[in-house]
1. Where in the stretch 1-112 are the strands (runs of 3 or more DSSP E), entirely inside, with at least 2 residues that are in contact with a helix residue (DSSP H, G or I) (Cβ under 7 Å, 6 or more places away or on another chain)?
2. Can you name the condition, by its number, that PRO27 falls short on among (1) in contact with a Gly (Cβ under 6 Å, 6 or more places away or on another chain); (2) farther than 20 Å from GLY119 by Cβ?
3. Assuming GLU103 fulfils every condition listed in (1) more than 17 Å from the chain's Cα centre (by Cα); (2) in the same structural domain as ASN18 (by TED's automatic domain parsing) apart from one, which condition is it?
4. Under the condition of being of a type in the set (Ser, Thr, Tyr) and in contact with a Phe, Trp or Tyr (Cβ under 7 Å, 6 or more places away or on another chain), which residue from the stretch 71-100 is nearest to ALA20 (Cα to Cα)?
Amino acid sequence: MAQDIMLKIYTPERTFFNRAVHRVVLPYGRLNLTAMIDRAPLSLALPTGRIDILDAANNIESSYFVDGGVVDFAENVCKISTRHIIKTTAITLAQAQEKLQEEPQNADFYKMIITEISGAEPSPDAAD
């Protein structure tokens, strides 16, 4: 654990994730930002995107889609607050398309998931 950071992910409903990880790759505009041990403290708005958790060999251990939020990183603890989070392996393209129709208030989130899974932009009239 000496080379790990604590990752804590919160949603309005619950603590979603709370354990030590090697590194966390966060979406940050068109780039990514990596939270790792002994990084300078930071607080930032988290855009809708994908979070990757890396193991000690820097391989992706697990990935999650997040619906924006806030990141606070200090003293080797990375805290993320987000409205929605879904493990990337827990949703299919068909499920994301269905959710897009069912939850138009979360259209940006599900459009991002559809784009990530399919590699193509959703149709312009989806959930409008």
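1. Ranges flagged: 49-54, 60-66.
2. (2) is the only condition that PRO27 fails.
3. Of (1) more than 17 Å from the chain's Cα centre (by Cα); (2) in the same structural domain as ASN18 (by TED's automatic domain parsing), only one is false for GLU103: (2).
4. If we take residues in the stretch 71-100 being of a type in the set (Ser, Thr, Tyr) and in contact with a Phe, Trp or Tyr (Cβ under 7 Å, 6 or more places away or on another chain), then SER81 is nearest to ALA20 (Cα to Cα).
The values are calculated or read from the model by the stated rules, or taken from the named source; none is laboratory data. Values in this document were obtained by computation on a predicted structure and should not be read as measured data. No Cβ is skipped: glycine too gets one built from the backbone with ideal geometry, and neighbour counts run over all protein chains shown.
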